[in-house]
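**Student:** Sharing a structure with you now.
The values are calculated or read from the model by the stated rules, or taken from the named source; none is laboratory data. None of these values were measured; they are calculated from a predicted model. Please note: Cβ atoms are built from the backbone with ideal geometry, for glycine as well, and neighbour counts cover all protein chains shown. For the accessible areas, the whole protein counts, side chains as well, though only heavy atoms, and no ligand, DNA or RNA atoms are used. Shrake-Rupley method; radii C 1.70, N 1.55, O 1.52, S 1.80 Å.
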Amino acid sequence: MPSLGPSPYVPDPCCTTLAFYNLDTMFVRGLKRKCFDGEEDVEGTLAGIKAIPSYNLQRQSLLDMSLVKLQLCHMLVEPNLCRSVLIANTVRQIQEEMTQDGTWQMISTQSTGQTSLDRLVSTDILCRSSREQAEGKHVPGYGTLSKDFEGDEGQDSSETMSTASSVQAPRNLQGNVWEMENPQENKGNFQKSLDQIFETLENKSPNSVEDLFSEVDNSYYDLDTMLTGMMSNTKMGHCDGLETFSSPTNTASNSNCKSDLNELDHIVEILVES
Amino acid sequence: MQASPHCPANVPQPSSEEVTSGADIISTVEFNHTGELLATGDKGGRVVIFQREPESKNEPYNQGEYNVYSTFQSHEPEFDYLKSLEIEEKINKIKWLPQQNAAHSLLSTNDKTIKLWKITERDKRPEGYNLKDEEGKLKDLSTVTSLQVPVLKPMDLMVEVTPRRIFANGHTYHVNSISVNSDCETYMSADDLRINLWHLAITDRSFNIVDIKPANMEDLTEVITASEFHPHHCNLFVYSSSKGSLRLCDMRASALCDKHSKLYEEPEDPSNRSFFSEIISSVSDVKFSHSGRYMLTRDYLTVKVWDLNMETKPVETYQVHDYLRSKLCSLYENDCIFDKFECAWNGSDSVIMTGAYNNFFRMFDRNTKRDVTLEASRESSKPRAILKPRRVCVGGKRRKDDISVDSLDFTKKILHTAWHPTENIIAIAATNNLYIFQDKVNSEMH
């Protein structure tokens, strides 16, 4: 592969390259800049390049990138455990620092309403924990978006997102109050989310990982489709998906845009009994 | 160093567009104990063995060159039906067994299964059977009038490779290293979380000697990255972790060596701390010196020499490509930060070698403290050409032929290198090409 000019290495095509010029310098220095108000640090080392994003924004970008990396699993081959562990540790580090900074809650409040489509983070998996779901609590994450896998669904998902956001708003306020009182809980939730990632990695079933993270498509869980999937056994994904959703962790009924899971439970019950 | 580039005979020569076929990517390189044979494994599950031509007076220029000796398919892709996952056939490691008779033996492993192969030569065949003719057809018995004793006649050399043992189902996670013990009876295999001890003759059982799997997978923060037996003490072995630590274990202490005898760890440098500190401290390879006194480790930016007697810090640290320190975020984004580079000692433990990007590899002389960067590429490696040292410039003064950091090709990485056990001959795997360089001038070890 010929080496080109300024950026010779091809970024992972599945990763959105967020524009963070000089991000490397910022991170390597390890300087913590207390820019809670989001004020941008203009370094102006190169003329004509837009202002350097703040440390917090860059840290956020790194966090997003890391989560995307964790979510993307090869379809057929087991994911590399060492890589996953290292990325997860990085995520934990960032989260711990953010908790200490107090920026963890800040990000949550900012995320209500419209957020950029560039955010690839699925909120539910980060926030959900089995205990919470049982109690019916909802803890909002960085944004209110679900992962957008197909490009052509961009239009639909933005509509879904606006709806979700508006529904989200009242819950967020409640959630925020809960959060600020219990920053430790928040940490626990995040930990739980990472744990879920690890459990799925351990189960080594990439299809279930994808099911965990992807937005639920209504038609997929049509009873007929499921039964067909079970009978013909052609798509392994279906079987794995069923296994995932039959576990108590995923019997949530209160997550945003996951009310279909209620139906799913019902369907699974029927199937299991039959 | 003089260059004598070799490509495995079964690999099609790439055209000028440098098309890399995935299955031909070399994934491991290993000399045998005498250096006469060199084995390579590739992503397609094949093993190619090269043999060094004996030196002859007739063709002085061909002396010591490596030619293809044998090629065989070691592993095939498999499918794990329980988990709905493919098991790659890529050969992760090859280790030679010390030669005990006319045959050669090696262990090859993919992610899950280790195989013992026996390589034998056949250069004679019996002729003059009583019941069969030359083609093997049964003779008409009426034509047989006398008895004869079959005689061994020379034939064209045939190399036969047969699988002697298959060590399967020992690992849940991906095998990253194998190491033959100095007792020549046992060997160990390490995956991300466990290390097993096998007897070379027994395939249905193995002993688990290290297990770092937490009771709750949620608590997993560290994995095993490499391991090796001590070259002389059959009870000692070392394993490295993704957090940058080394653990020396003594099998005499207990059956399960979860408690290390010695822990080698360098405290973190607070001035260099970043979110990537842990990732770049992950040890990708560990090798004992031939003397057994030192260990060599490779992490993302450095190679370190550790004295077995000193656990607090390495005795020597060499920067492989420190200019990448400011690029760590980009390298994290494109996953290059997770590349696992190997390292190697020369026969006298005076020089260490490791690979880098842009098809560069680096050598560090421990005595003179001098280092050199060389390139493994077709353009710069005409046969019998002297390799020219390369330089990466980081801004500031730029000399002619220097390469700037931003022009480095990160897809051309030299992960696997090997050094002949006694002579100054090195094997460099550059994606799907194998380069063998010999130092004809300084062929003796210093």
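**Student:** Once amide H atoms are built 1.01 Å from N in the peptide plane, which residues 5 or more positions from B:Ser241, or in another chain, come under 5 Å H to H?
**Tutor:** B:Thr225, B:Val283
**Student:** Please report the net charge: other residues with Cβ closer than 15 Å to the Cβ of B:Lys124, K and R +1, D and E -1.
**Tutor:** Neighbourhood net charge equals -2.
**Student:** Now a separate question. How long, wide and thick is chain B, going by the Cα atoms along their three principal axes, in whole angstroms, largest first?
**Tutor:** 93, 57, 44
**Student:** Given R₀ = 35 Å, what would the calculated FRET efficiency be for B:Ser326 paired with A:Thr99, taking r from the Cβ atoms and rounding to 0.05?
**Tutor:** 0.80
**Student:** Percent relative contact order of region B:111-203, based on C-alpha pairs within less than 8 angstrom and at least six residues apart?
**Tutor:** 31 percent
**Student:** Something else: When only DSSP loop residues count, what trypsin sites (Lys or Arg not before Pro) in region B:97-187 have their Cβ near at most 14 other Cβ atoms within 10 Å?
**Tutor:** Within region B:97-187, the qualifying trypsin sites (Lys or Arg not before Pro) (loop, at most 14 other Cβ atoms within 10 Å) are B:Lys137, B:Lys139.
**Student:** While we're here: Please compute the modelled spin-label separation between B:Asp371 and B:Met158, points set 7 Å along Cα→Cβ, answer in nm with one decimal.
**Tutor:** 5.1 nm
**Student:** Okay, moving on. Please get the size of the charge dipole for region A:52-102, origin at its Cα centre, with Cβ charges of +1 on Lys and Arg and -1 on Asp and Glu, quoted in debye to the nearest 20.
**Tutor:** Roughly 120 debye for region A:52-102.
**Student:** Top to bottom by accessible area (1.4 Å), largest first, where do B:Val161, B:Val68, B:Val238 land?
**Tutor:** B:Val68, B:Val161, B:Val238
**Student:** How about region B:58-157: which GluC sites (Glu not before Pro) there lie in a loop by DSSP and see at most 11 other Cβ atoms within 10 Å?
**Tutor:** In loop regions of region B:58-157 (DSSP not H, G, I, E or B), the sparsely surrounded GluC sites (Glu not before Pro) are B:Glu134, B:Glu135.
**Student:** Helix-derived [θ] at 222 nm for chain B: sum -39500 (n - 2.57) over DSSP H runs of at least 4, divide by residue count, nearest 500?
**Tutor:** Roughly -500 deg cm²/dmol at 222 nm, from the helical runs in chain B.
**Student:** Under the 0.36 nm per residue contour assumption, what length would be gained going from the current alpha-carbon distance of B:Asp401 and B:His33 to full extension?
**Tutor:** Value of the extension gain: 128.7 nm.
**Student:** With labels modelled as points extended 7 Å from the Cα through the Cβ direction, what inter-label distance (nm, one decimal) is found for B:Ala168 paired with B:Leu263?
**Tutor:** Roughly 3.9 nm, to one decimal.
**Student:** For B:Val210, list long-range residues whose amide hydrogen, built 1.01 Å from N in the peptide plane, is under 5 Å from its own amide hydrogen.
**Tutor:** The list, which skips near neighbours in sequence, is B:Ile195, B:Cys257.
**Student:** For chain B, set up a Gaussian network in which alpha carbons nearer than 10 Å are linked by springs, and say which option among B:Ala255, B:Ala190, B:Ala430 fluctuates the most.
**Tutor:** Taking springs between Cα atoms under 10 Å, the residue moving most is B:Ala255.
**Student:** Provide the net charge surrounding B:Leu296, with neighbours chosen by a C-beta distance below 15 Å and charges set as Lys +1, Arg +1, Asp -1, Glu -1.
**Tutor:** After counting each charged neighbour, the total is -2.
**Student:** Sticking with this structure for a sec: Contact order normalised by length for chain B, with contacts defined as Cα pairs under 8 Å and 6 or more residues apart; what percent is it?
**Tutor:** It rounds to 13 percent for chain B.
**Student:** For region A:52-102, evaluate the Debye formula with one uniform point scatterer on each Cα (no solvent term) and list log10 I(q)/I(0) at q = 0.19, 0.29 Å⁻¹, rounded to two decimals.
**Tutor:** -0.66, -1.10
**Student:** Would you mind getting the accessible area per residue of region B:336-446, heavy atoms of the protein chains only, 1.4 Å probe, in Å²?
**Tutor:** On a per-residue basis, 42 Å².
**Student:** Can you give me the relative contact order of region B:333-423 as a percent, contacts being Cα pairs under 8 Å and 6 or more apart?
**Tutor:** Dividing the mean separation by the residue count of region B:333-423 yields 35 percent.
**Student:** Still on this structure: For B:Leu82 paired with B:Glu135, estimate the spin-label separation in nm (one decimal), with each label point 7 Å from Cα along the Cα-to-Cβ line.
**Tutor:** Once both label points are built, they end up 5.2 nm from each other.
**Student:** Further question: When a/c reaches 1.5 or more, the comparison of a/b and b/c decides; with that in mind, is region B:77-145 rounded, prolate or oblate per its Cα gyration tensor?
**Tutor:** oblate
**Student:** Could I ask something else about it? Checking an interface number: how much accessible area is buried between B and A, summed over both chains, with a 1.4 Å probe, in Å² rounded to 100?
**Tutor:** Accessible area lost upon association: around 4500 Å².
**Student:** What pairs from B:Lys93/B:Lys369; B:Lys262/B:Lys327; B:Lys340/B:Lys397; B:Lys118/B:Lys340; A:Lys69/B:Lys340 go past 23 Å between their alpha carbons?
**Tutor:** Those over the limit are B:Lys93/B:Lys369; B:Lys262/B:Lys327; B:Lys340/B:Lys397; B:Lys118/B:Lys340.
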